[in-house]
2 protein chains.
Amino acid sequence: MSSCDQCVVRNRAICSALDKDEINSLNGIGRRRSLVAGESLIWEGEDSVLVANVIEGVLKLSTGTEDGREQIVGVVYPSDFIGRPFGGTTNHGVTALTDARVCVFSRGDFDNFAREHPGLEHKLLQRTLTELDRTRRWMLLLGRKSASEKVASFLLELSDRLAPATCEPGDEGKANRFVLPFSRQQIADVLGLTIETVSRQFTRLRGEGIIDLPSRREVIITDRFALTAEAG
Amino acid sequence: MSSCDQCVVRNRAICSALDKDEINSLNGIGRRRSLVAGESLIWEGEDSVLVANVIEGVLKLSTGTEDGREQIVGVVYPSDFIGRPFGGTTNHGVTALTDARVCVFSRGDFDNFAREHPGLEHKLLQRTLTELDRTRRWMLLLGRKSASEKVASFLLELSDRLAPATCEPGDEGKANRFVLPFSRQQIADVLGLTIETVSRQFTRLRGEGIIDLPSRREVIITDRFALTAEAG
DNA sequence: CGCCCGCTTGATAGCGCTCAACATGCGTGG
DNA sequence: CCACGCATGTTGAGCGCTATCAAGCGGGCG
C-alpha cells in the first residue's frame, strides 16, 4: 500500500539509486508519517535517532541561542533528505512549515542499509555536497547583504525552489506566483532580520511595483528583472 | 618519495579508509603541491577541475558580491578535503592563508577512483556531513549574533581547530595561545563585520583582561570562562 | 632613515532594532 | 449573523550598534 513504487518523489529522492529488490527491502525498514504545520520531527540537541525523506510539504531546520534568538539554517522540499546519518547528535531542530508527509527510518537501520548500498551513499553524498554549496551561498547573504538585498534574494530563491510544486511553466521552472510557506517571523529567522524590517521591505517592494501581495501568504513577482537587481 | 606512507595526515584524512594497495593506486593519480600564503588553488566560478587534501597549513573558502564585498564561507585545516567532486562548478575560491602543502587530484581521476572505493566515499560523506553541521552553526553566528559575540565565538573556534597543530596539552585539546592565520580584514570577512569593528572588539577584550595580544598575529586566552560567556 | 602597509583610534551617520500603537483576518461563542 | 478576542502583520518614532570616513600609529623592510 505505502509502497515506494507509487511514491511521487521516487525518481528524485536518493532512493532513485536503488533497483526494485533494493527498494523493497528499504521499504521494509521505513514508514510513512504525516505532520501538520508547526509539528516537529526532530528537536535540536537530541541524539540523532531518525532520518527521513520529504515526500510532500516544506520543513525548516533551525537552531537558536539560549536567550531565544532563532536562526533557520535550512529549508527542505519534497525529495530532500532530512537528518544526520552516521552518528553524532542533531544540531538543529526539524519542524514542518506546511502540512507534510515524510518517509522515516530509524537511523541505525538506515546507516546499515546505506553501508551495504554504495549507490545510495553516493546519491546521499551528492545531495549533501549540493546542500553544502547552497548553505555557503546563504552565508554571503547573512554576512554581507543589506535588508533589501536579503528579502529580494529570498523571494527569488523561493520562486526557484517552489517551482516544481506550483508548475506554472512561464519562466522556465521559476514560479512568478506562489504561496509563502513562511510566516513573517520565519522569514525574519531565515534572513537574520526582525519581523518589522521584513514587513517594511515587503511593502516597499509592493510600492515600487516589483511584487504584488494579494494576501499575507501570497506573492506575485511582477518585475523579476528589478527584483534580481535588488538582490545584489 | 612523496609516498602516502609517511604523510602526516595519513590517518586523519579520508585516505584512512584505504588499505596499502589502494593507497598506492591513489598515490598514482595525486601529486603534492606547495602554496605560499595568499596563493589561490581554485577560483570562484570556474569549473571544478581539482580536488585536494590539506597536508599542512590553513586555507580559506570565500565568495563575494559583484561590488567587492567578500564573505569567507569556510576554513580548512590539515587533513580536511577541498573541492567539489562529482560535477558542477566551484562556488567559492580556495586561497592559502598560510604557506601550505596540499595533495591534489584531477577531479575526473578522483571521481572515478572514489566510485570504485565505497569506503573512501563513505569517509568523504562523513566529512561533508560534519562540515555541513559546522557551516550551519556558523549561520546562527552570522544571522543572530552581535559583534562581541562573533569575535568571542571566533577566537574559541580557532583555539579548538588550531589545537592539534600547537599541541599545548593544557586544556584538553584547546590551545590558549596561538598564532592567528588571519589578517584583521580576513577575520572581518569570516564574521560579516568590518575591520574597524573587529579591531575595537579585540582591544576591548584585551582591556577587560579576557585575552592578551603580544603581537598583531598572536592571541592568548587568559580567561576562557569569560570569553565563553561573551560568545553567547 | 623613511616609506609603506596593516592596524588602531576617533567622530559621525545611517541602517536596522526596539518599543509601541494600530490594522486585519479568522475562529469562537453568544 | 454579528460581537468579540486573539494571533499575525503593518506602521510609526526613536535609539543604538555597527559601518563609514578619516587621521594617527607602529613595525618591518628596503
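So if the hydrodynamic radius of chain A is defined as the Kirkwood radius over C-alpha pairs, what does Stokes-Einstein give as its diffusion coefficient at 37 °C and 0.692 mPa s, in µm² per second? D = 174 µm²/s. Reported to the nearest whole Å, the Cα centre-to-centre distance from the range A:41-108 to the range B:52-71 is 29. Each copy carries B:ASP99; placing its label point 7 Å along the C-beta direction from Cα gives inter-copy distances of 6.5 nm, listed from smallest up. In nanometres and ascending order, the distances from the A:SER40 label point to those of the other copies are 4.3 (point 7 Å from Cα along Cα→Cβ). Each Lys or Arg adds one and each Asp or Glu takes one away; over the other residues whose Cβ falls under 11 Å from the Cβ of A:GLN185, this sums to -2.
Taking Cα atoms only, the orientation of helix A:20-29 departs from the longest principal axis of chain A by about 80 degrees.
Setting aside same-chain residues fewer than 8 positions from B:LYS174, which lysines have a Cα under 28 Å from its Cα? Cross-link targets: B:LYS60, B:LYS123, B:LYS145, B:LYS150. The charge dipole of the range A:125-167, taken about its Cα centre with unit charges on the Cβ atoms of Lys, Arg (+1), Asp and Glu (-1) only, comes to about 140 debye. The phi torsions of the range B:112-124, fed into the Karplus equation with coefficients 6.51, -1.76 and 1.60 and a -60° offset, translate into couplings of 4, 4, 5, 5, 8, 10, x, x, 5, 4, 5, 4, 5 Hz, rounded to whole numbers, with Gly and Pro shown as x. Label-to-label distance, A:ASN176 versus B:SER25, with points set 7 angstrom from Cα along the beta-carbon direction: 5.4 nm.
Based on alpha-carbon atoms only, what is the radius of gyration of the protein assembly as shown relative to the globular estimate 2.2 N^0.38 Å? Relative to the rule-of-thumb radius for its length, the protein assembly as shown sits at 1.01.
Defining a contact as two alpha carbons under 8 Å apart and six or more residues distant in sequence, what relative contact order in percent does the range A:121-232 show?
28 percent
A label point on A:GLU116, set 7 Å along the Cα-to-Cβ line, lies at 2.7 nm from each of its counterparts in the other copies, closest listed first. Overall, the protein assembly as shown carries a charge dipole of about 560 debye about its Cα centre when +1 sits on the Cβ of Lys and Arg and -1 on the Cβ of Asp and Glu, all other atoms neutral. The relative contact order of chain B comes to 18 percent, based on Cα pairs under 8 Å that sit 6 or more residues apart.
Within the shell defined by Cβ-Cβ distances under 10 Å, the residues around B:VAL76 carry a net charge of 0, with Lys and Arg each +1 and Asp and Glu each -1.
Extension gain, A:SER106 to A:GLU218, is 36.7 nm, computed as 0.36 nm per intervening residue step minus the present C-alpha separation.
Each Cα pair under 8 Å and six or more residues apart adds its sequence gap; the mean of these over the residue count of the range B:70-187 is a relative contact order of 20 percent. Residue by residue along A:80-93, Cβ atoms of other protein chains within 10 Å of the local Cβ number 2 on average.
Relative to its residue count, the range A:4-139 spans a Cα convex hull of 102 Å³ per residue.
A Förster radius of 51 Å, combined with the Cβ-Cβ distance separating B:GLU39 from A:VAL8, puts the computed FRET efficiency at roughly 0.60.
The accessible surface of chain B, taken with every protein chain in place and a 1.4 Å probe, is 48 percent carbon and sulfur. The trypsin sites (Lys or Arg not before Pro) of the range B:1-36 meeting both criteria, a DSSP state outside H, G, I, E and B (loop) and at most 15 other C-beta atoms within 10 angstrom of the site's C-beta, are B:ARG12. Each principal axis of the Cα atoms in the range A:145-230 has its own extent, and those three values, largest first, are 33, 24, 23 angstrom.
The values are calculated or read from the model by the stated rules, or taken from the named source; none is laboratory data. Since the model is a prediction, treat every value here as computed from it, not as a measurement. Quick reminder, even Gly has a Cβ in these numbers, built from the backbone with ideal geometry, and neighbours come from all protein chains shown. Note: accessible area is taken over every heavy atom of the protein model, side chains too, but ligands, DNA and RNA are not part of it. Shrake-Rupley method; radii C 1.70, N 1.55, O 1.52, S 1.80 Å.
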